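Scroll down for the structure; my scribbles are underneath it.
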Amino acid sequence: MGASCAHFVMTPDFTAALGGMVSYPQFFIWRLTWNPEKGKYDKHPIHHPSVSYIMDSADPSNWMDYPTACARLTEWRALEPSGVFTLGWYLTPDTGYWFLDLDSVIDAQGNWASKALEWYQRLPGVAFEYSSSARGVHF
């Protein structure tokens, strides 16, 4: 299942990059909907591919283990190829993980602000992603 999920998130070693996070059954699926006014995606945690099935991502009864979330992501992308779906993981204090969100640190040409580069250099090997706006970064 992990390899299937990794294929769909377009990162060959996605499961490895998640490391110990995959042992916590706190995964869910986001549906991303482009918002032209904001210039970024709106994210909705969902139970079903239709955006009308929005759920509470803070409710542990809505979480899945990693293999189940990967299977559901694969299934929903096949059912609705035009939809934009991705994995979510609910961060809780008991996991020992943390999250750093830097907004508005990438300009229209793709250049990083000095503070973003500084954090990137200070945190070698940390999991990293661009935000859905493509103007921020997450560590």
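Miscellaneous remarks
- Enumeration of residues in the stretch 88-114 that are under 14 Å from Phe139 (Cα atoms), part of a strand (DSSP E or B) and not charged (D, E, K, R): Trp89, Leu102
- Qualifying residue in the stretch 101-111 (condition: aliphatic (A, V, I, L, M), touching a helix residue (DSSP H, G or I) at 6+ places or on another chain (Cβ under 8 Å) and in contact (Cβ under 8 Å) with a residue 60 or more places away in the chain): no
- Considering the stretch 115-127, the residues that are part of a loop (DSSP other than H, G, I, E, B) and open to solvent by 70 Å² or more (accessible area, probe 1.4 Å) include one that is modelled with the lowest pLDDT, namely Gly125.
- Residues (open to solvent by 60 Å² or more (accessible area, probe 1.4 Å), within 13 Å of Phe27 (Cβ to Cβ) and in contact (Cβ under 8 Å) with a residue 40 or more places away in the chain) located in the stretch 42-66: Asp65
- Extreme residue, most open to solvent (accessible area, probe 1.4 Å), among residues of the stretch 6-34 that are modelled with pLDDT under 80, touching a helix residue (DSSP H, G or I) at 6+ places or on another chain (Cβ under 7 Å) and over 18 Å from Phe139 (Cβ atoms): Pro12
- Close Cβ contacts (under 8 Å, 6 or more residues apart or on different chains) running from residues in the stretch 69-98 that are closer than 18 Å to Asp42 by Cβ and of a type in the set (A, V, I, L, M, F, W, C) to residues that are in a helix (DSSP H, G or I) and open to solvent by 40 Å² or more (accessible area, probe 1.4 Å) comprise Phe85/Arg77.
- The condition (being at pLDDT 95 or above and open to solvent by less than 60 Å² (accessible area, probe 1.4 Å)) is satisfied by just one residue among Thr86, Thr92, Thr74: Thr92.
The values are calculated or read from the model by the stated rules, or taken from the named source; none is laboratory data. Everything numeric here is computed off the predicted structure, so don't read it as measured data. Using ideal geometry, Cβ is built from the backbone for each residue, glycine included, and neighbour counts are taken over all protein chains shown. The protein model used for the area step is the full one, side chains on, heavy atoms only, and it has no ligands, DNA or RNA in it. Shrake-Rupley method; radii C 1.70, N 1.55, O 1.52, S 1.80 Å.
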